[in-house]
Amino acid sequence: MSKNKPTYNKYLQLNKILNGQKRLSNVLKEPIHDEMLFIIIHQVYELWFKQIIHEIQSIIKYFNVNDVKETRINTIVSRLERINDIQKITIDQIHVLESMTPMDFLEFRDLLSPASGFQSVQFRIIENLLGLKRKNRLKFSKQEYTSFLSDGDKKIVEDCEKGKTLLDVVESWLERMPFLKTKTFNFWKSYKNSVYRMLDNDMQIIKDNPNLSDLSKTDQINTYNNILSDYELLFDDKKYKKLLDSGSRKISQKASLSVLFIMLYRDEPILQSPYRLLTKLIDIDHSLNNWRYSHALLAKRMIGSKIGTGGSSGYSYLKKTMEKHNIFDDFSNLTSYIIPKSKLFILPDQLKSQLGYYFNNKEKNEK
Ligand code: HEM
């Protein structure tokens, strides 16, 4: 066979990959059997992380233009789907490691210190590229997450913080969405009226219900008043800005409004792909959280309440990241503002035709 032709081994550089498993326990009288599994599983993760980064970077590039073509949206959705499929594999993979007993792990655990998954540069790049901001990160032993990285790794991660994130580019795309305000139509106003009508109607039903005591009527009306003030947060510029400043909202009011519009009118042909896109972002966040949860349980199972090899409070730190390190939660939280289809206002004809696909049958008819 010609020397220059690719072979399976050469193409995949298997010499490098398959010679990269050096057990630290080789120094012991008897190397620990399960350390091989421990190394390989982490390496497999890192390969999947590399693929995920490759996908996210390409999506950011597609989005980072003024005019995202509809055909691009389909490609973006497929890539987001791919990321989510990989994430599901990474969650399943945790079970393989569960076949190692805590005692087996303890045999080589001390040799690993202070190395920890906490130093995974690619994991941090994924979080940063998706849109996790430093100000929203949990402090680790009161220190920045980058303090535990080598100088070289720190630079890579910090450089990545400077670029546009997936959340940033999706937000700008949503802010540019047409349809929301035309000469004859104001989505904001119409939506608000529908919501108030719906809530007024519900409140009237409560008031007229002869089977409710005065106390439970007051209780239920209070609940409705809370729902109403929740909606008002969305309409009120100043209140919304406060939410943004406090970090409890991540995307602008304008972008939120577009999300809501897409969610409410997702059946309109032109909004179907954007709706799928938003759903995929929510899926990615959920899968990341599922991974965090499975990994936290794994840590608990293996080390109980001991500290991690990286020095964190172990399980308790990992559990907190599930609540704090969400990225696309604004999208999932907006489902609280969805109203039933029957209560939706009918879109003006002109807008409805802009949202539809129309096939041109002229040529066919002329034949
Ligand atoms: C025996 C198995 C494992 C145990 C006991 C374990 C334990 C821990 C602990 C306690 C932490 C917190 C930081 C620290 O103090 O070290 C951590 C962080 C981390 N581990 Fe693991 N881990 C295990 C397997 C894995 C695997 C297979 C991966 C795959 C890449 C992984 C990736 C990570 C990552 C990315 C973090 C940082 C998480 C964050 O800060 O949100 N770990 N691990």
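The values are calculated or read from the model by the stated rules, or taken from the named source; none is laboratory data. Being a predicted model, the structure only gives us computed values, none of them experimental. When we count neighbours, we look across all protein chains shown, and the Cβ atoms used for this are built from the backbone with ideal geometry, even at glycine. Protein only, heavy atoms only, side chains kept; ligands, DNA and RNA dropped before computing areas. Shrake-Rupley method; radii C 1.70, N 1.55, O 1.52, S 1.80 Å.
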- Report yes if some residue within the stretch 255-263 is touching a Ser or Thr at 6+ places or on another chain (Cβ under 9 Å), of a type outside the set (G, A, S) and crowded, with 17+ Cβ neighbours inside 10 Å; otherwise report no. yes
- Query: With respect to D285, is the statement that it is charged (D, E, K, R) and over 23 Å from V195 (Cα atoms) true?
  - Reply: yes
- If you check every pair at least six apart or on different chains, which have Cβ atoms under 7 Å apart with a residue in the stretch 143-162 that is more than 17 Å from G117 (Cα to Cα) first and a residue that is assigned to a helix (DSSP H, G or I) second? E158/T146; C160/I125; C160/N128; C160/L129; E161/N128; E161/R134
- Options I73, I94, I89; residue that is touching a residue at least 12 places away in the same chain (Cβ under 8 Å) and either under 20 Å from T165 (Cα atoms) or outside any helix (DSSP H, G or I) (or both): I73
- Query: Mind checking which residues of the stretch 23-50 are open to solvent by 100 Å² or more (accessible area, probe 1.4 Å) and either at pLDDT 95 or above or assigned to a helix (DSSP H, G or I) (or both)?
  - Reply: V27, H33, L47, K50
- Message: It is to be established whether one or more residues within the stretch 98-106 are within 16 Å of the ligand (Cβ to nearest atom) and crowded, with 18+ Cβ neighbours inside 10 Å.
- Response: yes
- Those residues of the stretch 275-301 which are at pLDDT below 95, crowded, with 17+ Cβ neighbours inside 10 Å and farther than 25 Å from K142 by Cα amount to none
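To keep it simple, each residue is scored yes or no on (1) of a type in the set (S, T, N, Q); (2) within 26 Å of R176 (Cβ to Cβ); (3) part of a helix (DSSP H, G or I).
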| position | (1), (2), (3) |
| --- | --- |
| K5 | no, no, no |
| Q21 | yes, no, no |
| K61 | no, yes, yes |
| R79 | no, yes, yes |
| E107 | no, no, yes |
- For E55, state whether it is among the charged types (D, E, K, R) and part of a helix (DSSP H, G or I). yes
- Item | Top-ranked residue in the stretch 228-242 [being open to solvent by 60 Å² or more (accessible area, probe 1.4 Å) and without any contact (Cβ under 8 Å) to a residue 60 or more places away in the chain; ranked as nearest to I338 (Cα to Cα)] | E232
- Could you tell me whether the stretch 310-318 includes any residue that is out of contact with any helix residue (DSSP H, G or I) (no Cβ under 8 Å at 6 or more places or on another chain), modelled with pLDDT of 80 or more and farther than 30 Å from Y191 by Cα? yes
- Extreme residue, surrounded by the fewest Cβ atoms within 10 Å (Cβ to Cβ), among residues of the stretch 302-345 that are assigned to a loop (DSSP other than H, G, I, E, B) and away from the ligand (no atom under 11 Å from the Cβ): P340
- Task: Name, by its number, the condition in (1) open to solvent by less than 70 Å² (accessible area, probe 1.4 Å); (2) at pLDDT below 95; (3) within 16 Å of the ligand (Cβ to nearest atom) that does not hold for G20.
- Result: (2)
- Query: Any residue in the stretch 122-136 that is surrounded by 13 or more Cβ atoms within 10 Å (Cβ to Cβ), modelled with pLDDT under 95 and farther than 21 Å from L278 by Cα?
  - Reply: yes
- Query: Which members of the stretch 138-150 meet the condition of being under 20 Å from the mean Cα position of the chain (by Cα) and either more than 9 Å from the ligand (Cβ to nearest atom) or open to solvent by 20 Å² or more (accessible area, probe 1.4 Å) (or both)?
  - Reply: L138
- Message: Residues that are assigned to a loop (DSSP other than H, G, I, E, B) and closer than 27 Å to K61 by Cβ: does the stretch 109-124 have at least one?
- Response: yes
